[in-house]
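Enquirer: First the structure, which I've put down as structure tokens, then a few questions once you've had a look.
None of the figures in this text is laboratory data; all of them are computed from the coordinates on show. All values derive from a computational prediction rather than experimental measurement. Cβ atoms come from the backbone with ideal geometry, glycine included; neighbour counts cover every protein chain shown.
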Amino acid sequence: MNAAEETKLIRTSLYDQHGALQAKMVPFAGYSLPVSYAGLAEEHHAVRTACGMFDVSHMGEFRLKGPGAIELIQWISSNDAAKLSPGQVQYSCIPNGKGGIIDDLLVYCVNQEEFMLVVNASNRTKDWEWIHAQNRWKVQLTDESDDWTLIAVQGPHAASMIQPLSNQPDLDQMKYYTFQEGRICGHPCIISATGYTGAGGFELYVRHQSAPEIWKALLDAGVVPCGLGARDTLRLEAGFCLYGNDIDETTSPIEAGLGWITKFNKDFVDREYLLAQKEQGTDRVLRGFKMLERGIPRQGYTIENTEGDVIGHITSGTQSPTLGEGIAMGYIQKSQADLGNQIRIRIRKNTVAAQIVRPGFLPKS
């Protein structure tokens, strides 16, 4: 990244901390963010076995307030937010009215008339415009994206690393997908038992002026700084979809294996279309793939059956640092997608054997 490119990018409140650690910076969704510090493998293993932290301040945060807040969320999102109690978080997606996905997001329930939506940075503008266009309940909408620094502290030791810095007792007892308001290093903080690594942990929403002190305290406690590279390999091992790769405006939540966040006990955008897909099936489905031979599957590689017919394509792929083998996710013809089937992935001029599995590659604990 040259100097001219760098000056056009948004710098998070932790930019100077990344520089002090000699992080390799890259452009991502309009931001300058670290892709690695000591190296992807070291950072990946730190999160899987101990504790690592990520600057994910590029995520967008929208505040919805008013008597119609729950009605608006129910209409724009596929999951059933009416089930949420204050302090609970829900994973969901925003259907686009054409059977595709505008974005995937988290819904935070502050109370029944106040919610926070956390969206992907690259989709912030179109999400905001879509929600505004659907807001017939005249809910008060506020874009707080520029007000928050978000630090994801992930790994099996995350609670013990954060606990001495927090005024909230028993962080290790917090249930997955819940949050509470407390303090870290004396600073106000939303402490959320969420993350996108499959390693457990927390996401800390803090104001910009507090972030450098909190980052340094975590660093001093032994938390390993991690970049976008490790974040991607961690989420892929866990089988989590990445917007822009595995889901987008052309993929439906049903074919993407997100039927579990698509609830038909309410009315919402694309309900009838998606219900028909659930009942009748789809032509293609998202599957996981484990390489049976040496080779690293990459986004865009074609998938073939054993007869050499093209039957799909890879949407995300890597060499798994934890498993030491190639793993991938991708869309494949439903008729060819039985779990356990062998397929071939074309890597340049050769095809390499792989097996169809469910997304989510880590051994069940």
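Enquirer: Out of the residues in region 348-359 that are of a type outside the set (A, V, I, L, M, F, W, C) and crowded, with 17+ Cβ neighbours inside 10 Å, which is farthest from GLY239 (Cα to Cα)?
Expert: First, the residues of region 348-359 that are of a type outside the set (A, V, I, L, M, F, W, C): 348-351, 355, 358-359.
The next check asks that each one be crowded, with 17+ Cβ neighbours inside 10 Å; those that pass are 351, 359.
Details: THR351: 23, PRO359: 5 Å.
It comes out as THR351.
Enquirer: Output the number of residues of region 177-234 satisfying the condition of being touching a His at 6+ places or on another chain (Cβ under 7 Å) and of a type in the set (A, V, I, L, M, F, W, C).
Expert: Qualifying residue count, region 177-234: 4.
Enquirer: Looking at region 95-121, which of its residues are in a strand (DSSP E or B), more than 12 Å from THR251 (Cα to Cα) and among the aliphatic types (A, V, I, L, M)?
Expert: LEU105, LEU106, VAL107, VAL110, MET116, LEU117, VAL118, VAL119
Enquirer: Which members of region 61-89 meet the condition of being among the small types (Gly, Ala, Ser) and in a helix (DSSP H, G or I)?
Expert: ALA69, ALA81, ALA82
Enquirer: Hey, could you check region 117-137 for residues that are over 16 Å from the mean Cα position of the chain (by Cα) and hydrophobic (A, V, I, L, M, F, W, C) and say which is nearest to TYR31 (Cα to Cα)?
Expert: Going through the qualifying residues, I end up with TRP128.
Enquirer: Residues being assigned to a strand (DSSP E or B) and under 15 Å from LEU171 (Cα atoms): count how many of those fall in region 190-206.
Expert: The total comes to 7.
Enquirer: Based on this model, can you work out whether LYS266 counts as under 30 Å from ILE70 (Cβ atoms) and of a type in the set (Lys, Arg)?
Expert: yes
Enquirer: State all residues of region 300-316 that are out of contact with any Gly (no Cβ under 6 Å at 6 or more places or on another chain) and among the polar types (S, T, N, Q); if no residue qualifies, say none.
Expert: Matches in region 300-316: THR302, ASN305, THR306, SER316.
Enquirer: Scan region 148-166 for residues that are under 20 Å from the mean Cα position of the chain (by Cα) and part of a helix (DSSP H, G or I) and report the count.
Expert: Here is the first cut: in region 148-166, the ones under 20 Å from the mean Cα position of the chain (by Cα) are 148-156, 158.
Okay, now just the ones that are also part of a helix (DSSP H, G or I), so 158.
Residues flagged as under 20 Å from the mean Cα position of the chain (by Cα) and part of a helix (DSSP H, G or I) within region 148-166 amount to 1.
Enquirer: Need at least 3 residues that are surrounded by 16 or more Cβ atoms within 10 Å (Cβ to Cβ) per element, so show me which strands (runs of 3 or more DSSP E) inside region 283-325 make the cut, counting only ones lying wholly within it.
Expert: Filter on region 283-325 gives 284-291, 310-319.
Enquirer: Here's something else I'd like to know. Does ARG48 satisfy the criteria of being of a type outside the set (S, T, N, Q), surrounded by 17 or more Cβ atoms within 10 Å (Cβ to Cβ) and closer than 20 Å to HIS208 by Cα?
Expert: Against the criterion (of a type outside the set (S, T, N, Q), surrounded by 17 or more Cβ atoms within 10 Å (Cβ to Cβ) and closer than 20 Å to HIS208 by Cα), ARG48 does not qualify.
Enquirer: Which one is nearest to PRO321 (Cα to Cα) among residues in region 209-241 that are hydrophobic (A, V, I, L, M, F, W, C), touching a strand residue (DSSP E or B) at 6+ places or on another chain (Cβ under 6 Å) and not in a loop (DSSP other than H, G, I, E, B)?
Expert: Applying the first criterion (hydrophobic (A, V, I, L, M, F, W, C)) to region 209-241 yields 211, 214-215, 217-219, 221, 223-224, 226, 228, 230, 234, 236, 238, 240-241.
Going one step further and asking which of them are touching a strand residue (DSSP E or B) at 6+ places or on another chain (Cβ under 6 Å), we end up with 211, 214, 218, 223-224, 226, 228, 236, 241.
Okay, now just the ones that are also not in a loop (DSSP other than H, G, I, E, B), so 211, 214, 218, 224, 228, 236.
On the way: ALA211: 30, ILE214: 29, LEU218: 24, VAL224: 17, LEU228: 15, LEU236: 11 Å.
Per the criteria, the residue is LEU236.
Enquirer: Quick one: what pairs do we get from region 110-122, first residue closer than 13 Å to GLN74 by Cα, second hydroxyl-bearing (Ser, Thr, Tyr) and assigned to a strand (DSSP E or B), C-beta under 7 Å, 6+ apart or different chains?
Expert: Listed by first residue and then by second, the contacts come to PHE115/TYR108.
Enquirer: Using beta carbons and a limit of 8 Å, which pairs, at least six apart or on different chains, have the first residue in region 299-314 and over 24 Å from LEU242 (Cβ atoms) and the second one polar (S, T, N, Q)?
Expert: ASN305/GLN336; THR306/GLN342; GLY308/THR351
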